[in-house]
Amino acid sequence: MPANPFLDPDLVRGNLYRTGDRLAERTRALREAKVAGRDAAEVIADLLARRISPGAVVLDIGCGRGTTTLRIAARLRPGRLIAVDASVALLDTLRTRLAEAGAVGSVIAANFHHMPLPDEVANAAVAAFCLYHSPTPAVAVAEISRCLRPGGVAVLVTKSLDSYTELDQLLQAADLDPDAARRPSLYESFHSGNLLGLAAIHLTVLDVLHEQHLFEFADATHLARYLATTPKYRIHPTGGPADLSAILRERLPAPPYLTRSTVSYALAARL
Ligand SMILES: C[S@@+](CC[C@H](N)C(=O)[O-])C[C@H]1O[C@@H](n2cnc3c(N)ncnc32)[C@H](O)[C@@H]1O
């Protein structure tokens, strides 16, 4: 297994996003644990609301199951909403969710390094929690810039390198993954610290926000749901979340288990 699973194309295309189940469970466990930090989709919609006019064409790149796409559809009601992702299964899920919400949007299965979209097609683009899957995020940012009209804006969103490191220490303390803290951050290619620099290569950065998020896992079962769906860990002995939860209960101090992450947003324009 490579040092950073988020940068392994086989894993990203395969085990991580071939179906939406793993992503949905990881997201749910994290959302239930959150005790501080604004909803990222809401912050993205706020940033775009001040910048786009009715009828705008908006791209949601690396849209996944569409958490951000659905919020953009509901809050901004763009003239055209186009969601792009490499995972056909996740795009199917998004299509269903858009239909259930009565929202209008189209989906395109594509690699965000080479999008089958014309130059200058969009007034706005979002790339949330996805560019850290690229070993060359500047190439993806160049592609986003190409698709924006002059004056168009992009919101690029990522997390800090030290996100969730408290969990590495818990796994080490439980002797379940003693090397976790020595492995690179999942966010090493695109993170809070290099976001501004990478955005500025092809766009003009208007604003950068960093927001601290705090998570409190209520008990071992809740923590196991997150750990079992996070690709960073090489947990031994392996087993399902139920086995993991039993071991964590036995080896860790009493809950709750706390961790943090900084979520960073760059608002940038193609001038
Ligand atoms: C964590 S999910 C994104 C979540 C979503 N943006 C949101 O706000 O809820 C990361 C997504 O990036 C997509 N992805 C990873 N590499 C990609 C690539 N090269 N081209 C297009 N999509 C990619 C994955 O398929 C996955 O759906």
Accessible-area order for Phe215, Phe129, largest to smallest, probe 1.4 angstrom, reads Phe129, Phe215
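So for the range 162-234, averaging the separation of alpha carbon pairs under 8 Å that are six or more residues apart and normalising by length, what relative contact order in percent results?
Reported as a whole number, the value is 28 percent.
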With the 8 Å Cα cutoff and a minimum separation of six or more residues, the chain has a relative contact order in percent of 23 percent
Hits in the range 208-225: amide N under 13 Å from the 7 Å Cα→Cβ extension of Ala74, namely none
Hits in the range 68-109: amide N under 16 Å from the 7 Å Cα→Cβ extension of Val139, namely 86
Ranking Ile144, Ile52 from most to least accessible area with a 1.4 Å probe gives Ile52, Ile144
Using the Cα gyration tensor of the range 114-271, the equivalent ellipsoid's semi-axes, largest first and to the nearest Å, work out to 38, 15, 13
For the chain, the Cα convex hull volume per residue in Å³ comes to 114 Å³
Heavy-atom accessible area per residue of the range 162-271, all protein chains kept, 1.4 Å probe, expressed in Å², is 44 Å²
For the range 230-271, listing trypsin sites (Lys or Arg not before Pro) in a DSSP loop whose Cβ sees at most 15 other Cβ atoms within 10 Å gives Arg234
Here the net charge surrounding Gly62, from other residues whose Cβ is less than 12 Å away from its Cβ (Lys, Arg +1; Asp, Glu -1), is -2
Where a ≥ b ≥ c are root eigenvalues of the Cα gyration tensor, a/c under 1.5 meaning rounded, otherwise prolate if a/b exceeds b/c and oblate otherwise, the range 1-153 counts as oblate
On the accessible surface of the chain, probed at 1.4 Å with all protein chains in place, carbon and sulfur together account for a percent value of 52 percent
From the Cα centre of the range 32-74 to that of the range 77-142, the distance in Å is 12 Å
Expressed in square angstrom to the nearest 10, the accessible area of Arg71 with a 1.4 Å probe stands at 70 Å²
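The values are calculated or read from the model by the stated rules, or taken from the named source; none is laboratory data. This one's a predicted model, so the numbers in the text were calculated from it and none came from an experiment. Using ideal geometry, Cβ is built from the backbone for each residue, glycine included, and neighbour counts are taken over all protein chains shown. Areas reflect the complete protein model, heavy atoms only, side chains present, ligands, DNA and RNA absent. Shrake-Rupley method; radii C 1.70, N 1.55, O 1.52, S 1.80 Å.
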